[in-house]
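*Asks:* I am attaching a structure below and will ask some questions about it afterwards.
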Amino acid sequence: MRGSEHPDAAGTPDVLQPLIVQYVERLRHHKRYSPHSCAAAHRDLESFAGHCARAGVTRLEQIDLHLVRGYVAARHRAGLQPSSLQRHLSTLRAFFRQQVLDGRLTANPAQTVRAPKRQRRLPAVLGVEALTTALDRAPDGELASRDRAIVELFYSTGLRLAELHGLDVADVAGDRAEFTVTGKGRKQRIVMLGGPARRALADWLAQRADHAAADEPALFVSTRGRRLSRTAIAAGLKRWARQAQLGAELHPHRLRHSFATHLLESSGDLRAVQEMLGHAHLATTQIYTQLDWKRLAAVYDGAHPRARRKPE
């Protein structure tokens with residue numbers, strides 16, 4: 001492919017054209033990249049070369065971080081999404097890294113350049129009424145009480161999938177209103193259980209002995225009596241949603257987001273929700289500030305729609 005064949009590469013500097021061809025050939029023959037990956041790298045480099053041509057670049061040494069930043073900014077203004085810009089920058093970093101290794105440059109001009117951050121999108125939040133109605137339906141079928149207990153636990157605590165998967169019976173035994181969970185980075189935090197979640201767990205624990213192997217400590221087990229896998233937990237949520245006529249796709253992260261959203265809508269206490277979710281940094285929790293919060297005094301007991309922690 002010649003530079004003139006790419007709309008952004010008209011007038012590709014002569015100094016770049018052979019280096020691009022050489023680099024893509026290295027990807028193809030030495031690193032065994034797929035034809036698709038090689039073509040993508042070629043397009044990205046030709047696009048950048050076109051930017052260099054328009055900037056009057058005639059020598060490789062003229063390319064610095066300001067030129068790379070200008071390229072990223074120009075592509076962003078042209079409508080390229082942050083995810084695509086990340087790919088362009090990754091290609092440029094690898095290309096210039098090779099030029100440094102080959103002795104043509106002393107530093108990588110793209111190394112410290114960053115693309116605009118991608119806007120984080122939250123999964124759609126479940127409606128309080130719809131979820132409450134579904135949870136209030138009586139379990140129907142073998143292990144239905146287990147699946148409902150899983151849903152109640154996710155929604156009452158905001159647990160991550162890995163955290164719920166790792167729970168043992170000993171962690172929640174004794175009709176506890178709170179228990180300790182180990183999250184990311186082996187960090188521990190206390191999570192609270194509302195009354196409905198505790199009752200659902202009690203229903204499941206009353207049946208668990210009929211399904212669990214004698215030496216199995218896991219809270220949730222499969223029909224084989226062993227710890228329920230993460231995949232099986234996710235599949236159980238989908239099955240429960242169909243049987244309970246929820247009318248929405250259900251997965252662990254959606255329940256976690258619903259927990260945080262419903263709690264923040266009622267309380268507005270970002271710090272408290274940060275602790276409940278186990279976020280190391282408040283900035284991670286601040287994505288929820290896009291919500292229209294209502295202010296109430298209580299953070300959990302009076303805020304969460306199923307957080308009546310005193311048994312009725």
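What follows is calculated from the coordinates using simple rules that are stated; it is not laboratory data. Since the structure is predicted, the reported quantities are computational estimates derived from the model, not experimental observations. Quick reminder, even Gly has a Cβ in these numbers, built from the backbone with ideal geometry, and neighbours come from all protein chains shown.
*Asks:* If we sort 157-165, 176-184 on the protection proxy, mean other Cβ atoms within 10 Å, highest first, what's the order?
*Replies:* The densest-packed peptide leads the list: 157-165, 176-184.
*Asks:* Above 13 Å lies some portion of the pair distances; for the range 187-248, what is it as a whole percent of all C-alpha pairs?
*Replies:* 72
*Asks:* Another one. Roughly what percent of Cα-Cα pairs across the range 128-290 reach past 20 Å?
*Replies:* Here the long-distance tail beyond 20 Å is 49 percent of all Cα pairs in the range 128-290.
*Asks:* Here's a follow-up. At a 10 Å Cβ-Cβ cut-off, how would you order His36, His262, fewest neighbours first?
*Replies:* The fewest-first ordering by Cβ neighbours comes to His36, His262.
*Asks:* From the mean inverse distance of alpha carbon pairs (Kirkwood) and the Cα radius of gyration, derive Rg over Rh for the range 93-171.
*Replies:* With Rh from the inverse mean 1/r over Cα pairs, Rg/Rh is 1.39.
*Asks:* Further, regarding this structure: Most exposed first by the Cβ proxy, i.e. fewest other Cβ within 10 Å, how do Lys31, Lys238 rank?
*Replies:* Details: Lys31 10, Lys238 14.
Exposure proxy ranking, most exposed first: Lys31, Lys238.
*Asks:* Still on this structure: Please order Cys52, Cys38 by the number of other Cβ within 10 Å, starting at the fewest. Walk me through the numbers on the way to the answer.
*Replies:* Numbers: Cys52 22, Cys38 19.
In increasing order of surrounding Cβ atoms, one gets Cys38, Cys52.
*Asks:* Using 7 Å Cα-to-Cβ label points, what is the Leu105/Glu178 separation (nm, one decimal)?
*Replies:* If labels sit at Leu105 and Glu178, their model points lie 5.3 nm apart.
*Asks:* Expressed as a whole number of Å, what is the distance separating the alpha-carbon centroids of the range 124-187 and the range 22-48?
*Replies:* 47
*Asks:* Say each of Ala213 and Thr231 gets a label point 7 Å from the Cα, pointing the same way as Cα to Cβ; how far apart are those two points in nm?
*Replies:* 1.8
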